[in-house]
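First up is the structure itself, then whatever we jot down about it.
The values are calculated or read from the model by the stated rules, or taken from the named source; none is laboratory data. In this text, all values refer to a predicted model and were calculated from it rather than measured experimentally. When we count neighbours, we look across all protein chains shown, and the Cβ atoms used for this are built from the backbone with ideal geometry, even at glycine. Side chains are part of the model used for accessible areas, which takes the heavy atoms of the whole protein and leaves out ligands, DNA and RNA. Shrake-Rupley method; radii C 1.70, N 1.55, O 1.52, S 1.80 Å.
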Amino acid sequence: MSIPRIVVVGGGAGGLELVTRLGRRLGRRGRAEIVLVDRSPTHIWKPLLHEVATGALDSGLDEIAYPSHARANGYRFQRGTLCGLDRQRQRLQLAAVLDDDGQEILPSRELAYDRLILALGSVSNDFGTAGVAEHCHFIDCPEQAEAFRRDMLDTFLRFSASTQDQSPRLRVGIVGGGATGVELAAQLYDALLMLHSYGVTELERHQLEISLIEAADDVLPALPERVRQAVRDELQGLGVKVHTETRVTQIDADAIHTADEQCIATDLAVWAAGIKAPDILAELDLTQAKGQRLVVHDTLQSVDDPHIFALGDCASCPQEDGGTVPPRAQAAHQQALHLYRNLRAQLDGKPLKPFVYRDRGSLISLAHFEAIGTLMRGTSARRLFVEGHLAKFFYISLYRLHQRAVHGNLKTGIIMLVDGLNRFIRPRLKLH
């Protein structure tokens, strides 16, 4: 008698936590075959990509290799990119994997499934704005974050005061005042201070000019006013020029143009405004909502096919208040745990339970300068405002919870010990 095959496409926060739990509980016991599909061979927690982009986090130390993690946790890993879906035959198509020179490593192939979970996350949405693709950096994956870091280091060197006749100003434009844009802006000031202390550049803090551009009436528009105000004050104290209610219309090689006819000069430009689900989802003949997100029932099952589930940023899941689950890391974490329980129940012939999102609050880290946010008090809607060391502790705890889900308590404890030792052994910034 064959066992069911559960295929999870996407090894982000939600996808990796899900296959880890399924592999340990079902895969090791031979109750189901668990397969993870991802185009990359390694995983890194997406909320940390802004730290990878500035070198504050060395992706080579923190990334997880899927093949070794799969072997240790009872699932199989297949490298590939989803390019098609045959729902009638319950098979998905994977594109060929190519090396850096365009040579084929793995051929295109099909993979059968009994249950398919789509956990593809999200990518930046440029809304068709002219010049974005050609002139902006994106920070949606480790490869893009590393590309920005290399360009950032080269630019800091190029604008070193010792090579300029006049005192230079390095101008960085960040489009998007959400968490990524805000945290990246602060992290860049921290990176400059460290690079200056290491003698990599002679630029000083007052010579870095960052423009943060947001179309809404404030940065972090989804967060409470008290958090927005505190973050805005901190950014402006660092020297960030915050442009709100400012819509970008075009981006050139050396400037950002806005609807109110501003021309903001830039030496580096980053696009972090808005997200959407990956374009491949539009080709799967599944019902979509705004931002190409797949419409699912509150059980996370597709409204078109009971054998297909979606979670995380790529899923549009309804809630009792009439809204949908927000695309946040904590939502993906909660959905991964819920879907794990639901899939186990389904295999036991039990009914699926609806997913209810619990908002645990929001935290923003502004490098070593500050951390600000709110925590939800119990099950009530009362928010507890936190900042400083306490907020930083809770912010770091979010990553530790993710590590515990994918590594277990013992290994996470060892990782924390190694991270503490690395603070004394390694430079605070990746310099190569």
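Being small (G, A, S), in a loop (DSSP other than H, G, I, E, B) and closer than 20 Å to T20 by Cβ is the filter here, so list the residues in segment 33-68 that pass it.
S40
For the subset of segment 233-267 comprising residues that are part of a strand (DSSP E or B) and polar (S, T, N, Q), which member is least open to solvent (accessible area, probe 1.4 Å)? Talk me through it step by step, then tell me what you get.
Let us first name the residues in segment 233-267 that are part of a strand (DSSP E or B), namely 241-243, 248-251, 255-258, 263-265.
Going one step further and asking which of them are polar (S, T, N, Q), we end up with 249-250, 258.
Working: T249: 58, Q250: 78, T258: 9 Å².
Selected residue: T258.
Please work out which residue is most open to solvent (accessible area, probe 1.4 Å), limiting yourself to segment 69-87 and to residues that are in a strand (DSSP E or B) and out of contact with any Gly (no Cβ under 9 Å at 6 or more places or on another chain).
If we take residues in segment 69-87 being in a strand (DSSP E or B) and out of contact with any Gly (no Cβ under 9 Å at 6 or more places or on another chain), then R79 is most open to solvent (accessible area, probe 1.4 Å).
Just one of (1) buried (at least 19 other Cβ atoms within 10 Å of the Cβ); (2) in contact with a helix residue (DSSP H, G or I) (Cβ under 9 Å, 6 or more places away or on another chain); (3) among the β-branched types (V, I, T) trips up I308, so point out which.
So the condition that I308 fails would be (2).
Please give the number of the condition H368 fails out of (1) more than 21 Å from G181 (Cβ to Cβ); (2) surrounded by fewer than 17 Cβ atoms within 10 Å (Cβ to Cβ).
Against the list (1) more than 21 Å from G181 (Cβ to Cβ); (2) surrounded by fewer than 17 Cβ atoms within 10 Å (Cβ to Cβ), H368 comes up short only on (1).
Among the strands (runs of 3 or more DSSP E) contained in segment 102-212, which hold 1 or more residues that are surrounded by fewer than 18 Cβ atoms within 10 Å (Cβ to Cβ) and out of contact with any Asp or Glu (no Cβ under 6 Å at 6 or more places or on another chain)?
104-106, 109-112
Determine which single condition Y75 fails, assuming it passes every other condition in (1) touching a helix residue (DSSP H, G or I) at 6+ places or on another chain (Cβ under 6 Å); (2) closer than 30 Å to I251 by Cα.
The single condition Y75 does not satisfy is (2).
Show the residue pairs meeting these rules: Cβ distance below 8 Å; 6+ apart or different chains; first residue within segment 307-333 and without any contact (Cβ under 8 Å) to a residue 24 or more places away in the chain; second residue open to solvent by 40 Å² or more (accessible area, probe 1.4 Å) and assigned to a strand (DSSP E or B).
Once the first residue is without any contact (Cβ under 8 Å) to a residue 24 or more places away in the chain and sits in segment 307-333, its partners that are open to solvent by 40 Å² or more (accessible area, probe 1.4 Å) and assigned to a strand (DSSP E or B) give P318/T324.
Any residue in segment 291-303 that is within 26 Å of G177 (Cα to Cα) and out of contact with any strand residue (DSSP E or B) (no Cβ under 6 Å at 6 or more places or on another chain)?
No, segment 291-303 contains no residue that is within 26 Å of G177 (Cα to Cα) and out of contact with any strand residue (DSSP E or B) (no Cβ under 6 Å at 6 or more places or on another chain).
Hey, among the residues in segment 412-432 that are more than 23 Å from the chain's Cα centre (by Cα) and at pLDDT 85 or above, which one's most open to solvent (accessible area, probe 1.4 Å)?
Here the answer is L417.
Residue-wise test of (1) under 21 Å from V19 (Cα atoms); (2) open to solvent by less than 30 Å² (accessible area, probe 1.4 Å); (3) at pLDDT below 95.
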{"position": "P326", "(1), (2), (3)": "no, no, yes"}
{"position": "R344", "(1), (2), (3)": "yes, no, no"}
{"position": "K353", "(1), (2), (3)": "yes, no, no"}
{"position": "V386", "(1), (2), (3)": "no, yes, yes"}
{"position": "Y395", "(1), (2), (3)": "no, yes, yes"}
{"position": "L410", "(1), (2), (3)": "yes, no, yes"}
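Just give me the residues in segment 299-315 being among the small types (G, A, S) and either part of a loop (DSSP other than H, G, I, E, B) or at positive phi (or both), in sequence order.
The answer is G312, and nothing else.
What is the number of the single condition among (1) open to solvent by less than 40 Å² (accessible area, probe 1.4 Å); (2) under 18 Å from R115 (Cα atoms); (3) touching an Asp or Glu at 6+ places or on another chain (Cβ under 6 Å) that D38 does not meet?
Going through (1) open to solvent by less than 40 Å² (accessible area, probe 1.4 Å); (2) under 18 Å from R115 (Cα atoms); (3) touching an Asp or Glu at 6+ places or on another chain (Cβ under 6 Å) one by one, D38 breaks only (3).
Being farther than 15 Å from E370 by Cα, modelled with pLDDT of 90 or more and crowded, with 22+ Cβ neighbours inside 10 Å, is that true of even one residue in segment 224-231?
no
Residues in segment 268-298 that are surrounded by fewer than 18 Cβ atoms within 10 Å (Cβ to Cβ) and part of a loop (DSSP other than H, G, I, E, B): how many?
6
So, of the residues in segment 1-32 that are of a type in the set (G, A, S), part of a loop (DSSP other than H, G, I, E, B) and touching a strand residue (DSSP E or B) at 6+ places or on another chain (Cβ under 8 Å), which turns out to be most open to solvent (accessible area, probe 1.4 Å)?
Only one residue tops the list, namely G12.
In segment 22-34, is there at least one residue being farther than 16 Å from A405 by Cβ, of a type in the set (V, I, T) and in contact (Cβ under 8 Å) with a residue 12 or more places away in the chain?
No: segment 22-34 contains no residue that is farther than 16 Å from A405 by Cβ, of a type in the set (V, I, T) and in contact (Cβ under 8 Å) with a residue 12 or more places away in the chain.
Report yes if some residue within segment 88-98 is surrounded by 13 or more Cβ atoms within 10 Å (Cβ to Cβ) and in a helix (DSSP H, G or I); otherwise report no.
So far as segment 88-98 goes, no, none of its residues is surrounded by 13 or more Cβ atoms within 10 Å (Cβ to Cβ) and in a helix (DSSP H, G or I).
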